[in-house]
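Here is the structure we will look at, set down as structure tokens.
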Amino acid sequence: SIIATDFIANTTCPYCGVGCGVSVNKKDNQITVKGNADHPANLGRLCVKGSSLHETLVNDNRLVTPKIHGEEVSWDQALTFTSDKFKKIINKHGSDAVAFYVSGQLLTEDYYVANKLMKGFLGSANIDTNSRLCMSSAVVAHKRAFGNDVVPGCYEDFEEAEVIVFVGSNAAYAHPIIFQRIVKAQKQKGTKIVVIDPRRTATCEVADLHLPIASGSDAYFFNGLLAYLYQNDYIDEVFIQNHCDGFDDAISAAMVETANIEDVALACKVNAKDIQTAFEWFAQNPKVVTIFSQGINQSATGTDKGNAIINCHLATGKIGKPGATPFSITGQPNAMGGREVGGLANQLAAHMDFANQSDVQYVSDFWQAQNMASKQGLKAIDMFNAVNDGKIKAIWIMATNPVVSMPNADFVKQALQKCELVVVSDCMSNTDTAKLADVLLPASTWSEKQGTVTNSERRISLQKGFIEPPGQAKHDWEIMCDFAKKMGFGEAFDYKDSHEIFVEHAKLSGINSSKNNAFDISNLETISKEEYLNFKPIQWPVTKQLPNGQKRMFCDGKFFTDNGKAKMIAIKPASPIHHLKKDQLILNTGRIRDQWHTMTRTGSVNRLHSHTPEPFVQIHPSDAQRLNIQDQQIIQLDNNSARFLAKAAIDEEQQMSMIFAPIHWSDAFASAARVDSLVPAIVDQLSGQPQFKSTAVTVSPF
Ligand code: SF4
């Protein structure tokens, strides 16, 4: 039910990590949305997904009543059943027999409560998030280089830069407003744009230089760049001397295989002249921003690739200055907020770490935890393996659809079918994961729930609620608090509203002040309810010394390591190796322009289907001819005992031996449409992030 009176509500978009401000206007029974001109992330612009948000407000598939085994029940029955099962399982098998799998769609306050409940009271760190699939390699790369998980730059750097390098990022589709800001700057001041991507994507349309490197060869390119910078005297020796460790080792490693541009060209399979041009642009311009995203992160060597990029910025001092920074852009609206509260199984709250026992004690004391976890929990892939092995006997999945989005998606489905208790809290009733739930709990969604999110430039904003949740739907934090009370932890979860949770979260971050920890928003712990409801977007850290937040990090050359110096990492590059049979090609997966994740929200808007109405497989004409495939013919991809069906889209821009398919469709929309069922669960050993971009699949006409 939409509130009766007319209103204007300033909120944020729930889709990508750009984190655009949205103004919602209700007038004469009509709701419209437009970009919030006062929000620094988007300055009034919205992409097609954001500008159709009002069309998602009515959805026939909303989940509005709690259910146990498909039967409608009261909240009391649903949570009594769930808590009784959790208690029995924990008593019999220990705390590590239960798990939460959560989401970058959760608001920070929801995330905070989920972490506190699992890590402080249920006694396990088995809480991981779908951000594991999206960001975790960048997190480890940041921690290795900077001592803490910090994105150094801000969106203004895109306009300040003289050269923008996109690597593994189709920002034109995946982060459209960042892309639009850069294109505008290019028109105004001639910013040079380099796109490094095996595919010729929509982002390449504005590129001054597109380097279609071999899939996964990114670390060869950036090691080659580091060697070039060194051999041609482009190193900032003063910056290295004062602010970096590890320079000699990183250079030695870069000189092993990529000392010559010809070697780099060979490894990356692009011509040496173009590589030389890209290297010169990076070297000769002081203001360079390197934007990296899933093409880097979703790899078995994603962390090393991230560090190979950061090495080049450190070696030239191109960091902490206007227009000069490495920049990881996050996929989800609140992937960053999840990292702040410890949403990954290997983290504690407020960027603290299980590796440090005093951190565990700090958090435990602060929460007055009844059963504090003392070691890290299982990351996403290991978590579902443990479900399959029967070691995890109860899993609670919040606001995400792993039966579609996880690699080895059929295995995940089978694991959940075997699990003793599957609880799913979601706003939709018909997701592929919801269908496997023993207990289904109706959750509020965008427009109904209220809390903070953090975007890719560390900016915290309020996602505002302006509609009552339908039926019996509740906010995620409320559901967890009610459950916690049933479990006997009532006092610690007695929050009146999301404002109270935010204040506690801000207060907890303050206990880091004396430590090498970047995430500190303790100056917000006195925020009043009114200020919270009119939250002014702000970039962390927010401390007594920095009450207005901080645009850029590392401006003073001080990092969050013990000696204050950044660490360059010696990288040994490695590309994925495939021995293809004659009917096999390499599958790359990714987003299309107008859909979001598994389409549970965007899939309900007709006009969002018009740009790309159905799943497709992009294939080069010679591969199509060789495999007897006609344009628009339905073809079959096989791997991993799974099958994916879609129409062939023959396209000369597609690299030979490689195909591309979108990630969005699921069994809720079409049959054999879950492309991630083809992807094996190969992960980066440092981050646990799966490799989604390079899978050998058999391709044939259907
Ligand atoms: Fe902005 Fe991303 Fe939403 Fe588009 S999808 S409006 S770019 S936050």
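A short reminder: the numbers here are calculations on the coordinates, not readings from a lab. These numbers come from a predicted model, not from an experiment. Positions of Cβ are generated from backbone atoms using ideal geometry, with glycine treated the same way; all protein chains shown enter the neighbour counts.
Quick notes
- Residue-span extension gain [residue 262 to residue 671] - 0.36 nm each, minus C-alpha spacing: 142.6 nm
- When the listed pairs 34/529; 88/507; 49/449; 143/192 are checked against a 24 Å cut-off, the alpha-carbon distance exceeds it for 34/529; 88/507; 143/192.
- Using θ = phi - 60° and Karplus 6.51 cos²θ - 1.76 cosθ + 1.60, couplings along segment 26-43 (whole Hz; Gly, Pro as x): 10, 8, 6, 6, 10, 10, 10, 10, 8, x, 7, 5, 8, 7, x, 6, 10, 6
- Mean Cα-pair separation over length for the chain, i.e. relative contact order, pairs under 8 Å, 6 or more apart, %: 20
- Compared with the direct C-alpha span, the chain from residue 580 to residue 374 gains 69.7 nm at full extension, assuming 0.36 nm per residue.
- Rounded to whole Hz, the Karplus (6.51, -1.76, 1.60) HN-Hα couplings of segment 67-74, x for glycine and proline: 9, 10, 6, x, 8, 5, 9, 7
- Summing +1 for each Lys or Arg and -1 for each Asp or Glu among the other residues whose beta-carbon sits under 13 angstrom from that of residue 315 gives -4.
- Order of 396, 75 under a 10 Å beta carbon neighbour criterion, fewest first: 75, 396
- Take each peptide in 653-660, 466-473, count the other Cβ atoms within 10 Å of every residue, and average; sorted highest first, the result is 653-660, 466-473.
- Ellipticity at 222 nm from helices only: DSSP H runs of n ≥ 4 in the chain, each -39500 (n - 2.57), divided by the residue count, give -8500 deg cm²/dmol.
- The simple spin-label model puts a point 7 Å past each Cα toward its Cβ; for residue 87 and residue 430 those points are separated by 3.8 nm.
- Residue exposure sequence - 72, 420 - by fewest surrounding Cβ within 10 Å: 72, 420
- Label-point gap, in nm, between residue 34 and residue 64 - each point 7 angstrom along Cα→Cβ: 3.3
- Between segment 193-233 and segment 415-494, the alpha-carbon center distance in angstrom: 41
- Protection proxy ranking of 217-225, 178-186, by the mean of other Cβ atoms within 10 Å over each peptide's residues and highest first, is 217-225, 178-186.
- Computed extension length for residue 57-residue 656: 211.4 nm, one decimal, from 0.36 nm per residue of separation with the Cα-Cα distance subtracted.
- Which listed pairs, of 119/485; 269/321; 189/287, have C-alpha distances above 23 Å, in listed order: 269/321
- Going by neighbour counts of Cβ atoms within 10 Å, the residues 204, 268 line up, fewest first, as 204, 268.
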